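Here, each number is a calculation from the coordinates, and none is a lab measurement. Keep in mind that this is a model prediction, so the values were computed, not measured. Glycine gets a Cβ as well: all are built from the backbone with ideal geometry, and neighbour counts include every protein chain shown.
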Amino acid sequence: MEDQIYQLQYAIDTFYYLVCGALVMWMAAGFAMLESGLVRAKNTTEILTKNIALFAVACIMYMVCGYALMYGGTVFLTGIEGGETLVADALASKVEEGFEGGAVYSGASDFFFQVVFVATCMSIVSGAVAERMKLLAFLAFAVVMTGVIYPMEGSWTWGGNAVFGMYTLGDLGFSDFAGSGIVHLAGASAALAGVLLLGPRKGKYAADGSVKAIPGCNLPMATLGTFILWMGWFGFNGGSVLKLADVSSANAVAVVFMNTNAAACGGLVAALFLARAMFGKFDLTMALNGALAGLVAITAEPSTPTALEATLFGALGGLLVVSSIVFMDKIKIDDPVGAISVHGSCGLLGLLLVPITNDGVSFSGQIIGALTIFVWVFVTSLILWSILKAVIGIRVSEEEEATGCDVSECGLEAYPEFTK
Amino acid sequence: MKLVTAIIKPFKLDDAREALSEIGVQGITVTEVKGFGRQKGHTELYRGAEYVVDFLPKVKIEVAIGDDLLDQTLEAITKAANTGKIGDGKIFVTDLLQVIRIRTGETGEEAV
C-alpha cells in the first residue's frame, strides 16, 4: 500500500512538472507575439522566424550538451528514460525522502522542465536585438548560449557546482527560486552585450541627441503576448516548487501562483501610473512591460512573501522598468521591446528582494550571485558577438534595414496584402 | 455640371452620405486619403518619446452634380461634416466638362 502511494505521488509530481513545463513552453509564443507587436510591420516575419527557430535550437543544444553541463549526466541525454530498475530506484528514493520529503520525479520530465527555461532565456535576447540583426548571426549565438553559456552559470546556481572551483554560491547564501538571475538577468546580459556591439536602429536617435519613437506595429498582438507570458509564468514559478503531491507542497504551489499573479498586477498598475505621471498619457507598452517587470521581480522568491508583499515587490519592478527604459534611451542603448530593462534591471531587483522575506538568504550572497551571472554571461557573450561580427557580421546592411528584415532575411512579408 | 470634391473627417462620412442622399444626389465616390493642413499633422507619444504624424487620415468624397444642385450639395456637406474643430476639411468645386454613363452611353446632365 505504501509503495502504491509513493508511485501515485511520483506520477502526480511528474505530471505536475510536465504541465508546468508545457506552460513555460507556451511563453515562447508570448515572446513571439510581444516582440512582433512591438517591432515595425516590415520586421514581423523575421522576428517570428527568430523566435520559433531559437526555441528549436535551444532544445536541441540543451539535449546535446547543455543539460549534461548544468546538472551532470550524459550528453545526448543517454539513459534519461530510466533503466530496468526504474521503479525500484524511484521507490527507494521515495522511501529515503519520505512522503513529505524532497521531490522525486521522472528524469525526462526534469529535462523537459529545464529545457523550456533555456529557451525562455534565449527569447529575451531576440527582442533587444530586433529589427537590425542578421538572423544567421543570432542563431549561431543561440547555439553557444544555450549549449554552453547558460548551462555553465546554471551549474553554479541550480546545479550547485563551485564557480571554476573557487566558491560555491549556495554556501554564500545565494538563492534564486525560479530564475530572476539565472534566466532573466542572464538573458538580459547577453542581450546587452549584443546591443552594445550592434548599435541602435537607424533613426532611433537624432543627431542632436533626441530620442525618436519608432512605434510598434500591432499593440493587440503585444498585449496578447503579455497575457500569454503572464499565464506561462504560473508554470515558470509554480513548477519551480518541484513538488505538488503533499499538503505542504500543494500549499507552497498555491502561494507561488497567488504571489506570481499579485506581482504582475502590482507591476502593471505601478508602470501604468508612473508612465501617466511622467509622460501625461497612459502608455500601454509601458503597462505591458510593467506586468512582466513585476513577474521577473517576484521570480527570485515567490514562495515566502505575503500577497501584499508580492504586490509591492511587483510594483517596485513596475516603477523600475519605466525608469530603466527611459534611462536606456538616454544612454542610447536601443532596445525595441525593453527586454534589458524588464529582465535585467528587474531580474537584479528580484534577487536583491529575496533576503527581505527569506531569512536563509543574504544580501551579500545575492550580490555575488548576480555579479557572477552578469560577468560570466556578459563577457562570454561580448566575446562571442565580437567573433560573429568579425566573421559573418551581425548587422544587416543599411538598405536592408530600411526595406525591413522580412524581405532581406526571409524573402517574405508578414502582411503581403497591406498596401503601404 | 460641377464636380464637388470634399475632404472630411472619416467619422463624418456616414453623416455626409445621408445628407447627400436626402437632397437627391445619385452617387458618390469615396477614397481614404491622407494629408495635412495648416496644423501640419499632430504629435503622438510612444514609450516616453514624441513622434510627429505628418499626414492625418481623411476621407475624400467626390460628387458629380448638375449646376442646380450645387448650393444644396455644398450646404449638405458643410453641415454634415462640421465639428467646429481644427481639421474639419475643405470642399473644392470644379467645372465638369463631360459625364458619360458607360452602360447606356448617355451623356451630360442625364448621365449625372
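The angle between the Cα long axis of helix A:247-279 and the longest principal axis of the Cα atoms of chain A comes to about 20 degrees, rounded to the nearest 10. Within region A:58-121, the proportion of C-alpha pairs whose separation exceeds 13 Å stands at 65%.
Among the chymotrypsin sites (Phe, Trp or Tyr not before Pro) in region A:90-172, which ones are in a DSSP loop with at most 14 other Cβ atoms within 10 Å of the Cβ? Mind listing them?
Sites meeting the loop and neighbour criteria: A:F99, A:F164.
Comparing A:P220, A:N237, A:V253 along the charge dipole axis of region A:197-282, the residue lying farthest to the positive side is A:P220, per the Cβ-charge model. With a simple spin-label model that places each label point 7 Å from the Cα along the Cα-to-Cβ direction, the separation between A:R276 and B:D14 comes to 3.0 nm. Note on chain B: GNM, Cα springs under 10 Å; of B:T73, B:T31, B:T43, the largest mean-square fluctuation is that of B:T43.
The simple Förster model, with R0 at 51 Å and r as the Cβ-Cβ distance, assigns A:A162 and A:F15 a FRET efficiency of 0.90. Using the alpha-carbon positions of region A:17-89, Rg (one decimal) and Dmax (whole number) come out as 17.0, 57 Å. Round to the nearest 10 and give me the degree value, 0 to 90, for the angle of helix A:346-357's Cα axis relative to the longest principal axis of chain A. So the inclination is approximately 40 degrees.
Hey, what does the equivalent ellipsoid look like for chain B, semi-axes from the Cα gyration tensor as sqrt of 5 times each eigenvalue, largest first, whole Å?
The answer is 33, 14, 11 Å, longest axis first.
Kirkwood radius for chain A, taken over all pairs of different Cα atoms as the inverse mean of 1/r, rounds to 21.7 Å.
Charged side chains reduced to their Cβ positions (Lys and Arg at +1, Asp and Glu at -1) give region A:109-263 a dipole of some 700 debye around its Cα centre. Amide H to amide H, with H built 1.01 Å from N, B:G35 comes under 5 Å of B:L56, B:K58, counting only residues 5 or more places away or on other chains. Specify the residue with the greatest mean-square fluctuation among A:V125, A:V143, A:V87, computed from a Gaussian network of chain A linking alpha-carbon atoms under 10 Å apart. With Cα springs under 10 Å in chain A, the top fluctuation among A:V125, A:V143, A:V87 is at A:V87. Convex hull volume per residue, computed on the Cα atoms of region A:273-420, equals 173 Å³. Nearest 10 degrees is fine. How inclined is helix A:44-61 to the longest principal axis of chain A, computing both from alpha carbons? Taking Cα atoms only, the helix is inclined about 30 degrees.
Along the axis of the charge dipole computed for the protein assembly as shown (Cβ charges of +1 for Lys and Arg, -1 for Asp and Glu, origin at the Cα centre), the listed residues A:C20, A:V57, B:S21 are led at the positive end by B:S21.
If R₀ is 22 angstrom, what is the calculated FRET efficiency for the pair A:E2 and A:E81, using the beta carbon separation as r and rounding to 0.05?
The calculated FRET efficiency here is 0.30.
Applied to region A:151-161, the Karplus parametrisation 6.51 cos²θ - 1.76 cosθ + 1.60 on θ = phi - 60° returns per-residue 3J(HN,Hα) values of x, 5, 5, x, 6, 7, 9, 5, x, x, 7 Hz, with x for Gly and Pro. Of the GluC sites (Glu not before Pro) found in region A:88-177, the ones in coil according to DSSP and having at most 13 other Cβ atoms within 10 Å of their Cβ are A:E100. Taking A:E409, A:E35, A:E46 as the candidate residues, the one with maximal mean-square fluctuation in a Gaussian network model of chain A, Cα springs under 10 Å, is A:E409. Assuming charge only on the beta carbon of Lys and Arg (+1) and of Asp and Glu (-1), the dipole of chain A about its Cα centre is about 1600 debye to the nearest 20. Per-residue shielding of A:246-259, expressed as the average number of other chain Cβ atoms within 10 Å of the residue Cβ, stands at 0. Shielding value for B:47-58 is 5, the average number of Cβ atoms from other chains within 10 Å of each residue's Cβ. Available extension along the chain between B:R38 and B:V53 is 4.0 nm, counting 0.36 nm per residue and deducting the alpha carbon span.
Within 10 Å of each Cβ in A:210-216, how many Cβ atoms from other chains are there, averaged over the peptide? Walk me through the numbers on the way to the answer.
On the way: counts 2, 5, 5, 10, 4, 7, 2.
That average works out to 5.
Would you work out if region A:257-352 is rounded, prolate or oblate? Take a ≥ b ≥ c from the square roots of the eigenvalues of the alpha-carbon gyration tensor; rounded if a/c is under 1.5, else prolate when a/b is larger than b/c, oblate otherwise. In terms of gyration-tensor shape, oblate.
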